[in-house]
1. Whether any residue in region 153-168 is assigned to a helix (DSSP H, G or I), within 13 Å of LEU71 (Cα to Cα) and out of contact with any Leu (no Cβ under 7 Å at 6 or more places or on another chain) is what I want to check.
2. Residues in region 39-68 that are surrounded by fewer than 17 Cβ atoms within 10 Å (Cβ to Cβ), at pLDDT below 80 and assigned to a helix (DSSP H, G or I): how many?
3. Kindly indicate the residue of region 161-202 that is touching a Phe, Trp or Tyr at 6+ places or on another chain (Cβ under 7 Å) and surrounded by fewer than 20 Cβ atoms within 10 Å (Cβ to Cβ) and also modelled with the highest pLDDT among those meeting that condition.
4. Quick one: would you say VAL177 is among the β-branched types (Val, Ile, Thr), in contact with a helix residue (DSSP H, G or I) (Cβ under 8 Å, 6 or more places away or on another chain) and part of a helix (DSSP H, G or I)?
5. Taking the criterion of being free of Cβ contacts under 8 Å to residues at least 12 places away in the same chain, within 30 Å of TYR228 (Cα to Cα) and of a type outside the set (Phe, Trp, Tyr), would at least one residue in region 111-118 satisfy it?
6. Is it the case that region 85-96 has a residue that's assigned to a helix (DSSP H, G or I), crowded, with 20+ Cβ neighbours inside 10 Å and at pLDDT 85 or above?
7. Only residues in region 288-313 that are touching a residue at least 24 places away in the same chain (Cβ under 8 Å) and over 21 Å from SER205 (Cα atoms) count as the first member; pair them with residues that are among the small types (Gly, Ala, Ser) and outside any helix (DSSP H, G or I), Cβ under 7 angstrom, at least 6 apart or cross-chain, and list the lot.
8. Based on this model, can you work out whether TYR149 counts as under 20 Å from LYS202 (Cα atoms) and either in contact with an Asp or Glu (Cβ under 9 Å, 6 or more places away or on another chain) or not acidic (Asp, Glu) (or both)?
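The values are calculated or read from the model by the stated rules, or taken from the named source; none is laboratory data. These numbers were taken from a predicted model, which means no experiment stands behind them. Here Cβ is always computed from backbone atoms with ideal geometry, including for glycine, and neighbour counts include all displayed protein chains.
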Amino acid sequence: MGRLTLLGRTDRQTASTPFVYTPAPRLWRGLLRTARPKQWAKNVLVVAAPVAGGQIFDGGVLWRTALVFALFCMAASGIYFLNDSLDVKADRAHPEKCRRPIAAGIVPLKAAYAMGIGLSLLPVLLAALLLNKETATVLFVYTVVQILYCVHLKHVAVMDIAVVASGFLLRGIAGGVATSVAPSQWFLITVGFGSLFVVAAKRSSELASLGEQAQHTRKLLSEYSESYLRFVWQGAAALMTLSYCLWALESDDPDTAAWRMISIVPMTLAVLRYALVVDRGEGGAPEDVLLGDRVILSLGALWGVAYGISLVG
């Protein structure tokens, strides 16, 4: 047998050959990379309902919000393990995804499946024990839908966008049911169309950046056209902005209503700024856009000030 590399393969073996041995520190780093902690930022959406209801600073609400955030981080990481395990053969043939820990042989396939199943089911059980059955139900629905996405729906045009967007919406709903803060209908519509806006914008940027290579790198993208995706994200952005305005104006308290009305300005400008980034074909990583664009961060801070004052008022 030839000399072993760090990936546990011989010099002449290809990336499709199972690994032989992985040092423990490298294995743990591989597990952490597969869990994608950078993506946990998406789970911040669980605070949306408590913040919208003005109860986020209540001690019990804050604790339950933090707990449901942690549970969604676990569940999302479990889905990443399952997704990478199911796609291991395709990833090994991909020029970039072949570096993923499972495809590269750093994380054993059996261990990846075990982590995926465990991290997907454990949050449901913990939610039932520590929070309430409604939160456990939302987490269960999220897990089932995401597994269906990994197995089949991510290969079905339109359904792939809808499923990813539903994941964001379910996070917002979970934050409400976990803290017993009932969100308004306009709040749910805002989160729903906002999620669709971000997901469709991401697909649009991916298609623009890949161009003719889309059919080879990500086959499903070839079923979309730039004009269609532009129609989807522009329509979703318009409906999100409209529903936010209706939510901001539904308060009967004069002080609250005034500052909510002011918050419409930075919110609308942030949406327009994000749309500009997407139009340039740079919206492929939403978390990088939201956290890396200084204008969007500044507008977000202004929105936070305006809405925060409305809560105090």
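1. Within region 153-168, none of the residues are assigned to a helix (DSSP H, G or I), within 13 Å of LEU71 (Cα to Cα) and out of contact with any Leu (no Cβ under 7 Å at 6 or more places or on another chain).
2. Selection size over region 39-68: 1.
3. VAL163
4. Spelling it out, VAL177 is indeed among the β-branched types (Val, Ile, Thr), in contact with a helix residue (DSSP H, G or I) (Cβ under 8 Å, 6 or more places away or on another chain) and part of a helix (DSSP H, G or I).
5. No.
6. So far as region 85-96 goes, yes, one or more of its residues are assigned to a helix (DSSP H, G or I), crowded, with 20+ Cβ neighbours inside 10 Å and at pLDDT 85 or above.
7. Partner pairs satisfying both residue conditions: LEU311/GLY54.
8. It is true that TYR149 is under 20 Å from LYS202 (Cα atoms) and either in contact with an Asp or Glu (Cβ under 9 Å, 6 or more places away or on another chain) or not acidic (Asp, Glu) (or both).
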